[in-house]
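Here is the structure we will look at, set down as structure tokens.
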Amino acid sequence: MNASELATLNQTYGIQDQLAFKEGLGGLAIAAMQNDYGEATVALHGGHVLSFRPRGQAPVLWLSRHARFEAGRAIRGGIPVCWPWFADHPADSTKPAHGFVRTAVWSVVSSETSTDGGTRLTLTIAEREATKELWPHRFRLTLDVTLADALQVKLTATNTGAQPFTCTGALHSYFSISSVADVRITGLDGCDYLDKVEQYRRKVQQGAVTIKNEIDRIYLDTTGACVIEDSGMRRRIAIAKNGSRTTVVWNPWIEKAAAMKDFGDDEYQTMVCVETANAAEDVVALAPGESHTVEADIRSEAWV
Ligand code: BG6
């Protein structure tokens, strides 16, 4: 994005002392939000929340130091928007993993200050020739990112075509943690999950989730909040949600981390993904004109 396009965005949607558009890493346009609650950045590339830091706290989201900021590539960390399919395409593995909107450029449609002093930015993306080759449907996605006492991320998918379609997806949130050894994730006890590490074997979660090896699990029928309890950092990150019955927990561990070019060899020790998803049995069906909203509310607090 050139300087005059950024200037136009700032004139139209910038909010004094709260929201400014800038050139970020790799020359990608980012929205920098700040207010009394903290700060957050969102790349227009992917509609991708890159960072969130409540005032006086350490960053909540994890971003790889090897992340690539390039047109057409997914960014490793933050909150990639996965849509209209989660993980591999159900029928054609040559199509991009996690859909195509995380690597496309979104447009800004509005910004506002809420009555509680929060800052909201709304982005959108719709079908175009390139997406029709990958997925033959007409759609509009709207992403509302609100920085207030929590970071609220709301993705609304609308079927703007004349035919029904089904979709899956995720707000694929990467969280920054002190160390895998000092973290447990609560909120999933007793839930069934598909273990991707063991060919999707169905299992039942016993107690809190701990990370002692590769974890890639699709928790089914999960509508409640999860909490990342980090005894090393003495903080709790609560992830509440709406419009999602699936929670994905992922840590690639040693070998998979080493195999990814945009992921540091040792970085698996300080991250975990707890993803607010529609996946597996939780498929969203939209008739023409219908919409579905999936929402993640991320709140971090000191744990004393
Ligand atoms: C998770 C999946 O959601 O995303 C994992 O469950 C996958 O299987 C991970 O490896 C990362 O995917 P990607 O495409 O960003 O490397």
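Less than 14 Å Cβ to Cβ from S291, Lys/Arg counted +1 and Asp/Glu -1: what total charge do the surrounding residues give? Within the 14 Å Cβ shell, the charges total 0.
Per DSSP helix of 4 or more residues, -39500 (n - 2.57); summed, then divided by the residues of the chain. What does that give at 222 nm, rounded to the nearest 500? Don't skip to the answer; put the middle values down first.
Numbers: 3 runs with 24 residues, N = 304.
So the helix-based figure for the chain works out to -2000 deg cm²/dmol.
The average projected area of region 100-149, computed from the convex hull of its Cα atoms over all directions, is 4.0 nm². In this structure H137 has an accessible area near 40 Å², from a 1.4 Å probe over the protein heavy atoms. Couplings 3J(HN,Hα) for region 128-134, derived from phi with the Karplus relation 6.51 cos²θ - 1.76 cosθ + 1.60 (θ = phi - 60°), are 8, 3, 5, 6, 5, 5, 8 Hz, where x marks Gly and Pro.
Between E290 and K95, the FRET efficiency from the beta-carbon distance, with R0 = 22 Å, is close to 0.40. For region 9-24, the Karplus equation 6.51 cos²θ - 1.76 cosθ + 1.60, evaluated at θ = phi - 60°, returns couplings of 4, 5, 5, 7, 10, x, 10, 2, 6, 10, 8, 9, 9, 9, 8, x Hz by residue, with Gly and Pro reported as x.
The residues of the chain expose, per residue, 44 Å² of accessible area to a 1.4 Å probe.
Among I239, I211, I254, which one shows the biggest mean-square fluctuation in a GNM of the chain, springs joining Cα atoms closer than 10 Å? Among I239, I211, I254, the largest GNM mean-square fluctuation belongs to I254. Kirkwood analysis of the chain, using all unique Cα-Cα pairs, places the hydrodynamic radius at 19.6 Å. The alpha carbon centroids of region 5-29 and region 208-267 are separated by 32 Å.
Between A87 and H98, the built amide H atoms are under 5 Å apart, and every one of these is 5 or more places off in sequence or on another chain. What a 1.4 Å probe finds exposed on region 145-245 is 45% carbon and sulfur by accessible area, rounded to a whole percent.
Of the residues L25, L194, L44, the one that moves most in a GNM of the chain with alpha-carbon contacts below 10 Å is L25. Please work out whether region 21-155 counts as rounded, prolate or oblate from its C-alpha gyration tensor, where a ≥ b ≥ c are the square roots of the eigenvalues and a/c under 1.5 means rounded, while otherwise a/b larger than b/c means prolate and anything else oblate? Prolate shape, in that a/c is at least 1.5 and a/b is the bigger ratio. Close amide H contacts of S51 (hydrogens built in the peptide plane, cut-off under 5 Å, sequence separation of 5 or more or a different chain): T41.
The values are calculated or read from the model by the stated rules, or taken from the named source; none is laboratory data. No experiment lies behind these values; they were computed from the predicted model shown. Neighbour counts run over all protein chains shown; Cβ positions are idealised from the backbone, glycine included. What goes into the accessible areas is simple: the full protein's heavy atoms, side chains included, and nothing from ligands, DNA or RNA. Shrake-Rupley method; radii C 1.70, N 1.55, O 1.52, S 1.80 Å.
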